[in-house]
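Structure, as structure tokens:
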Protein chains: 2
Amino acid sequence: MTLLRWPRPAGRPSNEPAALSKGKATSFDIAHMTGVSQSTVSRALRGSPLVSEETRQRIKAAADQLNYKVDKNASNLRSQHSGTLALLLFEDPTADESHINPFFLSMLGSITRACALRGYDLLISFQQLSYNWHADYADTKKADGLILLGYGDYLAYLDKLQNLADQGMRSIRWGAVLPDQPDISIGCDNFQGGRAIALHLLEQSCRRIAFLGDASSHYPEFFERYRGYVAGLQEAGLAADPALQVDAAESTEQAGYQALESLLARDTPFDAVFAASDLIAIGAMRALADRCIKVPEQVAVAGFDDIPMSRFLNPPLTSVLQDTKLAGETLVDNLLRLIRGEPVETRLLPVKLVVRRSSQFGKS
Amino acid sequence: MTLLRWPRPAGRPSNEPAALSKGKATSFDIAHMTGVSQSTVSRALRGSPLVSEETRQRIKAAADQLNYKVDKNASNLRSQHSGTLALLLFEDPTADESHINPFFLSMLGSITRACALRGYDLLISFQQLSYNWHADYADTKKADGLILLGYGDYLAYLDKLQNLADQGMRSIRWGAVLPDQPDISIGCDNFQGGRAIALHLLEQSCRRIAFLGDASSHYPEFFERYRGYVAGLQEAGLAADPALQVDAAESTEQAGYQALESLLARDTPFDAVFAASDLIAIGAMRALADRCIKVPEQVAVAGFDDIPMSRFLNPPLTSVLQDTKLAGETLVDNLLRLIRGEPVETRLLPVKLVVRRSSQFGKS
DNA sequence: CTGAAAGCGCTTACAG
DNA sequence: CTGAAAGCGCTTACAG
């Protein structure tokens, strides 16, 4: 009998073959099995060039046979990084808890995929604005970096972002890209999107275009869309009429419905509605339908985000498409760069106007 | 000066106050600061009854002051559990990579919330059916349990489920609840949902109700919906006509569009369409619209899942609502029970018929 | 109620 | 190219 007997690590009965102790094999088992040191096993499995090809093959074969997998907790503890990113979705505190904004859901999907392709795990959590993100994900070492996603009052959490940056947290935010921001953010070109909608509606012969959405620095993404809209009007020699701008801070149907009612209550004529998001547009279209105002015959409507349901609306909604696949990849890639200490470029992603029936003013 | 000086753990320069070494405080720092042992710090912070209230308060205060957080990797390694659940979304291999099935997105949201409320983290990943789930999430100790979500050929991954069960993996699956399953699954009452749709359509005076969706044990959820539909017909003294059942394995618009075209090609008269999912129904409605067949005037249509966009369709789609909030909570609670070694009851969740205009046969 | 000690399973200098 | 050793930061018997 030539089978060598190696000492077993404490805790495993020496009469039980390692191959049968399911999910329990350690690098020591592999080492004993192949007759090398545990350090060499670790090196081989991590692809270190310090191990000879022949040794590596033997070790890999043994690892496969024992169904061995590196214990992530141990390797993370030792190497001090987790191979995990955390995605924090912060929502309006008032949001209905059963539904997530479809746009963020779409982002979530693309971020998940991007992480998987790069070999990172993704931890997901919903957060209130009041929460201490850093403490829970960075200090506990659960994640190497944070992706922040969500609407909400920008000025209200500016301090928190500043704090994250001060503590050297690796985090990146989806949102408005502005000068003098404390953090690194990636967003789409809200300005050009707003401008494109305005130019498109003007081309449909609309002249009194209402804007539904907050137009203040509290909601910088909406504000950028608004500024693009104003710029578009100016190019056509028109001035934006303040009476045609109605606040809608939340991106919800309810907010859109109410915003349109406010607009109607002002008794200011309008022939088009540019909603700062598709959800707001959906609410506005419902309010118009309830008053028997026909879209697009009497009023043209356009939104922003191009969420999946927009093409199914009646009439289908003209909107601005944000490329969520590219957005997710860009967020992940830049966060990874940040983690590696490489320079990161704040980026503005291009948008695309998607014309559908809701904006064909006057046609039926 | 009465400030005591404690020895510093190796690795930290003793001239640097612990409070300034950001994100680096350990339980030893707290111990030194409060004059107790590190074990006591660990106990106090974990709420052990072995620590006196006074000591606990002092320790907690020190921990707050130093911004101390337990290192999850260390505690996980030592205690051998991760406080993390993994959600594996397995999709049809053919699925368009940019969009996730809206129903699963909704489940994802509710599972994320349920985990957060119970103090668990959630790891998310997309998986192909061919993947070795167990190895990647259980053997690596990244997660204490698995939640499996997704459509796909049930028979094709039965072996894998068996394997998971054999290896003692803590996992739970959303899907059909059938006798003799190798794993524990939770699902909605697909049978009663299918029956409710059939009875509803019959009530609208439909007599030739087509079923769009796979009706085989490869797709047991669809099959249960089909069996419910057959049962509903039987209650009205009608037999299901095989010519009215068209396969659609994937839950996509494309599959629905094609299924309806196949149905039309059969030249069998029908006055209603029951699609096995809303996505299939959406495709079918488009195919009907392309042929200028009016819904619900000429053909009534109903779906299943009640995804968010269904109420916005033209006409709004009658469907069967699955309570995703309850589903998410049930999945998480049962998985946690499984992890704790408690008995788990396979559960069938109730569904609710949601009637909208698409099924008002004959009306305009 | 508290402390000293062992050890979870790795990675990574250090030495050869 | 390989091995012996230290140590990541905790939790948990064990002893008092």
What percent does the relative contact order of chain B come to when contacts are Cα pairs within less than 8 Å and at least six residues apart?
15 percent
Residue with peak Gaussian network fluctuation, chain A [Cα springs, cutoff 10 Å], from A:Pro316, A:Pro220, A:Pro49
A:Pro49
For chain B, what is the Kirkwood estimate of the hydrodynamic radius, computed as the reciprocal of the mean inverse distance between distinct Cα atoms, to one decimal in Å?
23.5 Å
For B:Lys294, which aspartates and glutamates qualify as cross-link partners when the Cα separation must be under 14 Å and same-chain residues fewer than eight apart are set aside?
B:Asp271
Provide the descending list of Cα extents for segment A:179-301 along its principal axes, expressed in whole angstroms.
47, 32, 20
Count, for each residue of A:63-74, the Cβ atoms from other chains sitting within 10 Å of its Cβ, then give me the mean as a whole number.
5
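As a footprinting exposure proxy, order A:Val301, B:Val344 by other Cβ within 10 Å, with the fewest listed first. Could you put the intermediate results ahead of the total?
On the way: A:Val301 29, B:Val344 17.
Least to most surrounded, the residues fall as B:Val344, A:Val301.
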Please report the net charge: other residues with Cβ closer than 15 Å to the Cβ of A:Glu235, K and R +1, D and E -1.
+2
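So which of B:Lys60/B:Lys325; A:Lys142/A:Lys325; B:Lys141/B:Lys352; A:Lys69/A:Lys141; A:Lys142/B:Lys60; B:Lys142/B:Lys352 end up more than 31 Å apart by C-alpha?
The pairs that break the limit, which is 31 Å between Cα atoms, are B:Lys60/B:Lys325; B:Lys141/B:Lys352; B:Lys142/B:Lys352.
Between A:Ala236 and A:Ala61, what is the FRET efficiency for a Förster distance of 51 Å, r being their Cβ-Cβ separation, to the nearest 0.05? Numbers along the way, then the final one.
Details: r = 71 Å, r/R0 = 1.40.
It comes to 0.10.
Take the Cα radius of gyration of segment B:234-357 and divide it by 2.2 N^0.38 Å, with N its residue count; two decimals is plenty. Don't skip to the answer; put the middle values down first.
On the way: Rg = 17.7 Å, N = 124, 2.2 N^0.38 = 13.7 Å.
The value comes to 1.29.
Normalised by the number of residues in segment B:18-70, what is the relative contact order in percent for Cα pairs under 8 Å and 6+ residues apart? Each step should come with its number before you reach the end.
Numbers: 55 pairs, mean separation 24.7, N = 53.
Computed value for segment B:18-70: 47 percent relative contact order.
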By Cβ neighbour count within 10 Å, fewest first, B:Glu54, B:Glu224, B:Glu203 rank B:Glu54, B:Glu203, B:Glu224
Given points 7 Å out from each Cα along the Cα-Cβ axis, report the A:Ile339 to B:Ile339 separation in nanometres with one decimal.
2.2 nm
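Summing Lys, Arg as +1 and Asp, Glu as -1, what charge do residues with Cβ under 11 Å from the Cβ of B:Arg286 carry, B:Arg286 excluded?
Working: positive: A:Arg311, B:Arg291; negative: B:Glu253, B:Glu261, B:Asp290.
Once all neighbours under 11 Å are counted, the net charge is -1.
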7 Å along Cα→Cβ, label-point gaps from A:Val355 to other copies, nm, shortest first:
4.3
If you project the alpha carbons of segment B:173-237 onto the principal axes, what extent comes out on each, in Å, largest first?
41, 17, 17
With the charge dipole of chain B built from beta-carbon charges (+1 for Lys and Arg, -1 for Asp and Glu) about the Cα centre, the Cα from B:Ala272, B:Leu326, B:Leu149 projecting farthest to the positive end belongs to B:Leu326
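When the Cα atoms of segment B:117-261 are enclosed in a convex hull and the volume is divided per residue, what value in Å³ results?
On the way: hull volume 21.2 nm³, N = 145.
Convex hull volume per residue, Cα atoms: 146 Å³.
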Cα principal axis extents for the protein assembly as shown, largest first, Å
80, 66, 55
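Could you compute the net charge surrounding A:Tyr226? Neighbours are other residues with a C-beta less than 11 Å from the C-beta of A:Tyr226; K and R count +1, D and E count -1. Can you show the working numbers first?
Values: positive: A:Arg195, A:Arg225, A:Arg227; negative: A:Asp214, A:Glu221, A:Glu224, A:Asp247.
Around A:Tyr226, the surrounding residues sum to -1.
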Would you mind telling me which residue in A:Arg227, A:Arg195, A:Arg266 has the biggest mean-square fluctuation in a Gaussian network model of chain A, where springs connect alpha carbons within a distance under 10 angstrom?
A:Arg266
Calculated from DSSP H runs of 4 or more alone, at -39500 (n - 2.57) each and per residue, what is the 222 nm mean residue ellipticity of chain B, nearest 500?
-11500 deg cm²/dmol
Segment B:174-224 and segment A:302-338 have their Cα centres apart by a whole-number Å value of 34 Å
Top mean-square fluctuation among A:Ala44, A:Ala231, A:Ala215, Gaussian network model of chain A, C-alpha springs under 10 Å?
A:Ala44
How high is the FRET efficiency between B:Glu54 and A:His81 when r is their beta carbon distance and R₀ equals 30 Å, given to the nearest 0.05?
0.20
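Counting only other chains, and only Cβ atoms inside 10 Å, what mean value do you get across the residues of A:101-109? Working shown, then result.
Values: counts 0, 4, 0, 1, 8, 4, 0, 6, 10.
Across A:101-109, the average partner-chain Cβ count within 10 Å equals 4.
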Peptide A:300-311 - average C-beta neighbours from other chains (10 Å radius):
2
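With N residues in segment B:289-364, what two-decimal value do you get for its Cα radius of gyration over 2.2 N^0.38 Å? Show your work: numbers first, answer last.
Values: Rg = 18.2 Å, N = 76, 2.2 N^0.38 = 11.4 Å.
Compared with the compact-globule rule of thumb, segment B:289-364 sits at 1.59.
Over segment A:227-364, what is the relative contact order in whole percent, taking alpha-carbon pairs under 8 Å and six or more residues apart?
Values: 209 pairs, mean separation 30.0, N = 138.
Reported as a whole number, the value is 22 percent.
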Residue separation between B:Leu158 and B:Ser217 times 0.36 nm, minus their alpha-carbon distance, gives in nm 20.1 nm
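Kirkwood-based Rg over Rh for segment A:18-70 (C-alpha set), two decimals?
Dividing the radius of gyration by the Kirkwood radius yields 0.94.
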Taking R0 as 30 Å, what FRET efficiency do you get between B:Ser364 and A:Arg291 from their Cβ-Cβ distance, rounded to the nearest 0.05?
0.85
Per-residue Cβ neighbour rank within 10 angstrom, fewest leading, A:Arg78, B:Arg208:
A:Arg78, B:Arg208
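Every number in this text was worked out from the coordinates using simple rules, so none of it is lab data. Source: prediction; values computed, not measured. Methodologically, a virtual Cβ is constructed for each residue, glycine included, from the backbone with ideal geometry; neighbour enumeration extends over all protein chains shown.
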